[in-house]
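Written out below as structure tokens is the structure these notes cover.
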Amino acid sequence: MSDTLKVKTREEIEDKYKWKVGKIYQNDDLWEKDYEKLKAKAPSLLEYKGKLDDKKNLLKFLELRENILRLNEKLFVYAHLRNDENTQNPKYQGVRNKISSLSSEVASYISYFMPEIIDLSDEKYNEIIRDKEFLEYKFLFQDIRNLKEHTLSKDKEEIISALSDSLEAPSDIFNMLTFADMKFGIIKDENGNDTELTSSNYSIWLKSENRAVREAAFKLMHNTFKKYENTYAAMLTSSVKTFALNSKLRSYKSSIEASLKPNNIPVSVFDNTIEAVNDNIEVLHKYVKLKKKLLGLSELHMYDLYTPVIKTPKFDIPYEKGVEIIKKALKPLGKEYLDIFEYGIKSGWVDVYENQGKKGGAYSSGCYDTEPFVLLNYNNDVNSVSTLAHEMGHSIHTYYSNKTQPYQYAEYTLFCAEVASTTNENLLINYLIDNEKDKNMRLYLINQELENIRTTLFRQVMFAEFEKFSHESIEAGIPLTAEEMNKFYYDLNKKYFGDDIVVDKEIEIEWARIPHFYRDFYVYQYATGYSAAFTFAKRILNKEEGALRDYFNFLKSGGSDYPINILKNSKVDMTVKEPILNTIKRFDDLINMLS
């Protein structure tokens, strides 16, 4: 029997492929000093409780609040990055838990801020915002006062803030169980080698041209989750119940309103997204039917969905080559953008390869006082290149926001978060398709764009429907069991993928694998973000007048306005279905190109 191909340890990865988290704190002792500083300083925020109707006190409080929150965020970023390097390392589990607990205390110390701004008389409020010293806080204050009917008393807000760490337990438990504790076992790869199946390499095996490999990976992954279905059901329902209770306490009509209204996003945007996809679901059925035909299968199964329909040589795109491809693809964004991209790559923003215990997937993280950092699990394929472009899109969006906006407006909302990243993806895939001379490879890349839209628009909206079901069930007092979740999720797959595929029983438990369900009503924003990005990319590639100006205006806006307004000011209107429908039309056009 051949030796099992094991994932490398952290120490076996070359330093040049690791992020430079030491730029935040050179060592853990310096982190500890700042931690103790924060712990000692944070309670001083309470000195201003009940005194924010005085302009001098309010200004001092705002300055102190910013200093403490910035230090808190810097400490947290370092802790979570170190923890994610190896989630099996108990030292950094402890460090992350320490700052998470202290963060909850800090939140409780400033919980009176919103209620006191809301309680200001109109006369006092108008007097404050007319003062030039408060000019940059005008949108922040008005945003708070717009939530007056959903803000609790100071004492209740303090209690909720103090409980925040405990209330996030379901998400923390999910991450520890899924990425640190669970083992999925061994499968045989294309060469007959015993290979460890992990959350990170699962996507590779689903794309394998060897059907036996992808079937084995699919079944082993889902059957492992199936063993823990009741645990995952308990975790998810606890998370949903927490959000539902918070929504009810704050007098929202529903959880979805509680999620959208604070950012002034109409619930109709969420409903329109689901409606637009459902009204055009036959386009996805058309793609599934074509995929079955091109793969030459008498039966198409769920584990066949990710495999390329075009036979291509084995990809081997080293990280350095992937970086060069992205730079060429992003050339339409101009020299300044490319210089920032290259600086990020060369200065240690990116943690490139998988290692034992490393958190799966990919993300961009950072705060106002750190550079952005990117976690990857790079696999030398086109998807890995696309993921790098995506996450660097997040990071450069953060870079521009931090450089352009004051602290209180630097953080952009989730609704805008996926736009810059996906604009990069769109520019990349268009570049690859337009510059590919080999007919088969070009068809492969066309299929890649189809997969991008399928997984980012259709798949995420399917997730949004599952999320809507789970929240509405809990709100109606209907207890959710694993069995009920499995049934609804299985039926969703039947609806979305149609009659030309065998919807395998194993897919019913896939909901348990999705970390975003612990971030309430996050997933639909992938679909809206992709559609907004498609609009930006199309205008940029068509060299429309003002396209670059509008896009950079978006990148620099941070959270200085409500997300719908930020996008409208950059010529993208997400209150109508047009961006979603245009993306679906592109999907249909690509199907016809592949047919």
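We did not get these values from a lab; they are worked out from the coordinates using the rules stated. Because the structure is predicted, anything quoted here is derived from the model rather than measured. Positions of Cβ are generated from backbone atoms using ideal geometry, with glycine treated the same way; all protein chains shown enter the neighbour counts.
The packing ranking of peptides 138-148, 227-237, highest mean first, is 227-237, 138-148, where packing means the average number of other beta carbon atoms within 10 angstrom of each residue.
Annotation note: trypsin sites (Lys or Arg not before Pro) in the range 278-372 located in DSSP loop regions with a Cβ neighbour count of at most 14 within 10 Å are Lys311, Lys314.
Between Met182 and Lys346, what FRET efficiency follows from the Cβ-Cβ distance if R0 is 25 Å, with the result rounded to 0.05? Once rounded, the FRET efficiency stands at 0.10. Defining a contact as two alpha carbons under 8 Å apart and six or more residues distant in sequence, what relative contact order in percent does the range 10-167 show? The normalised contact order for the range 10-167 reaches 25 percent. With the alpha-carbon atoms of the range 10-167 aligned to their principal axes, the span from lowest to highest coordinate is 64, 32, 27 Å, starting with the largest. Partner lysines whose Cα lies under 18 Å from the Cα of Lys577, excluding those fewer than 8 positions away in the same chain, are identified as Lys538, Lys568, Lys585.
Packing, as the average of other Cβ atoms within 10 Å across residues, places the peptides 83-92, 461-470, 523-532 in the order 523-532, 461-470, 83-92, highest first.
Reported to the nearest whole Å, the Cα centre-to-centre distance from the range 390-447 to the range 292-363 is 12. For the chain, the relative contact order works out to 19 percent when only alpha carbon pairs closer than 8 Å and six or more residues apart are counted.
Every Cα-Cα pair in the range 467-540 was counted, and those over 15 Å apart are 67% of them. Relative to the longest principal axis of the Cα atoms of the chain, the long axis of helix 547-557 makes an angle of roughly 50 degrees. Taking R0 as 35 Å, what's the FRET efficiency between Lys33 and Lys556 from their Cβ-Cβ distance, rounded to 0.05? After rounding, the FRET efficiency stands at 0.55. Taking other C-beta atoms within 10 Å as the exposure proxy, Cys416, Cys367 rank Cys367, Cys416 from fewest upward.
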